[in-house]
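I have placed the structure first, in the form of structure tokens, so that the comments after it can refer back to it.
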Amino acid sequence: FSPNGSLIAYIPNIENTGVYVMRLDGSGRRKIFSGAAFGTAWDWKRGVVYTSGGPGFETERTTVDIVAIYNADKEGISESEISYKILTKEDNNAFPSPSPDGKYVVFRSGRTGHKNLYIMDAEEGEEGGLWQLTEGPWTDTMCSWSPDGEWI
């Protein structure tokens with residue numbers, strides 16, 4: 001849901017590419033991001049939509065980026081007026097979850113050959129700071145924050 005609760009960000013189906021938004025009644029559907037995407041989350045504090053940009057269900061060697069999509073909650077603007085920023089470097093990064101205060105994004109990355117959890121700066125991405133949370137030969141994925149931001 002968008003910060004004001006009036007819009008939903010979604011990916012239509014596994015064959016269709018792109019991220020869309022629409023009103024709660026199903027009207028006003030529009031594309032906000034082209035290309036393969038999955039694992040979408042809305043930052044309620046900053047109004048940014050985060051998504052995994054790339055093919056799903058691939059190996060750790062497949063490049064998938066965490067993408068921040070800006071202005072997605074602005075009514076009446078076209079896809080060309082929406083801006084986005086790739087926050088991660090080339091690796092397999094997916095399932096972003098923004099912190100309640102909008103400062104960080106936790107996500108799953110296969111950069112070490114295993115799918116572990118990392119936190120990065122929400123505005124600058126990896127350039128603003130990157131911290132590895134888990135390590136090991138298992139898959140940690142699809143995480144989320146507690147409402148107070150104390151737990152993942």
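In this structure, is Pro100 more than 13 Å from the chain's Cα centre (by Cα), at pLDDT 90 or above and in a loop (DSSP other than H, G, I, E, B)?
The answer is yes for Pro100.
Any idea which residue in segment 103-112 is surrounded by the most Cβ atoms within 10 Å (Cβ to Cβ), counting only those that are touching an Asp or Glu at 6+ places or on another chain (Cβ under 6 Å) and in a loop (DSSP other than H, G, I, E, B)?
It comes out as Gly110.
Can you name the condition, by its number, that Ile82 falls short on among (1) in contact with a strand residue (DSSP E or B) (Cβ under 9 Å, 6 or more places away or on another chain); (2) farther than 30 Å from Ser27 by Cβ; (3) surrounded by 14 or more Cβ atoms within 10 Å (Cβ to Cβ)?
Just one mismatch for Ile82, condition (2).
Collect the residues in segment 114-127 that are part of a loop (DSSP other than H, G, I, E, B) and more than 14 Å from Val64 (Cα to Cα), keeping them in residue-number order. Walk me through how you get there before you give the answer.
Taking segment 114-127 and keeping what is part of a loop (DSSP other than H, G, I, E, B), we get 114-115, 122-124.
Correct list: His114, Ala122, Glu123, Glu124.
So in segment 54-85, with the set limited to residues that are charged (D, E, K, R) and part of a loop (DSSP other than H, G, I, E, B), which one is modelled with the lowest pLDDT?
The first filter runs over segment 54-85 and keeps only residues charged (D, E, K, R), leaving 58, 60-61, 65, 73-75, 79, 81, 85.
Then drop every residue that is not part of a loop (DSSP other than H, G, I, E, B), which leaves 58, 60-61, 73-75.
Values: Glu58: 72, Glu60: 67, Arg61: 72, Asp73: 77, Lys74: 77, Glu75: 73.
So, considering only residues that are charged (D, E, K, R) and part of a loop (DSSP other than H, G, I, E, B), the one modelled with the lowest pLDDT is Glu60.
How many residues does segment 21-39 contain that are surrounded by fewer than 20 Cβ atoms within 10 Å (Cβ to Cβ) and touching a residue at least 12 places away in the same chain (Cβ under 8 Å)?
Adding up the residues that qualify gives 10.
Suppose the filter is surrounded by 14 or more Cβ atoms within 10 Å (Cβ to Cβ), assigned to a loop (DSSP other than H, G, I, E, B) and of a type in the set (S, T, N, Q); does Thr88 pass it?
Considered against the rule, which asks whether it is surrounded by 14 or more Cβ atoms within 10 Å (Cβ to Cβ), assigned to a loop (DSSP other than H, G, I, E, B) and of a type in the set (S, T, N, Q), Thr88 comes out as yes.
Out of (1) under 14 Å from the mean Cα position of the chain (by Cα); (2) within 17 Å of Ile11 (Cα to Cα), what's the single condition that is false for Phe57?
So Phe57 meets the others, but not (1).
Against the definition (under 17 Å from Thr40 (Cα atoms) and small (Gly, Ala, Ser)), how does Gly102 come out, yes or no?
yes
Here are some conditions: (1) surrounded by fewer than 18 Cβ atoms within 10 Å (Cβ to Cβ); (2) among the hydrophobic types (A, V, I, L, M, F, W, C); (3) farther than 18 Å from Ile11 by Cα. Ala122 meets all but one. Which one does it not meet?
Of everything listed in (1) surrounded by fewer than 18 Cβ atoms within 10 Å (Cβ to Cβ); (2) among the hydrophobic types (A, V, I, L, M, F, W, C); (3) farther than 18 Å from Ile11 by Cα, Ala122 misses just condition (1).
Considering only residues that are surrounded by 11 or more Cβ atoms within 10 Å (Cβ to Cβ) and either of a type in the set (S, T, N, Q) or over 20 Å from Tyr70 (Cα atoms) (or both), which ones fall in segment 128-141? Spell out how you get there, then give the answer.
Filtering segment 128-141 for residues surrounded by 11 or more Cβ atoms within 10 Å (Cβ to Cβ) gives 128-135, 139-141.
Answer for segment 128-141, where residues must be surrounded by 11 or more Cβ atoms within 10 Å (Cβ to Cβ) and either of a type in the set (S, T, N, Q) or over 20 Å from Tyr70 (Cα atoms) (or both): Gly129, Leu130, Trp131, Gln132, Leu133, Thr134, Glu135, Thr139, Asp140, Thr141.
The values are calculated or read from the model by the stated rules, or taken from the named source; none is laboratory data. What you see is a predicted model, and the numbers here were worked out from it, not measured in a lab. Glycine also receives a Cβ, built like all others from the backbone with ideal geometry; neighbour counts cover every protein chain displayed.
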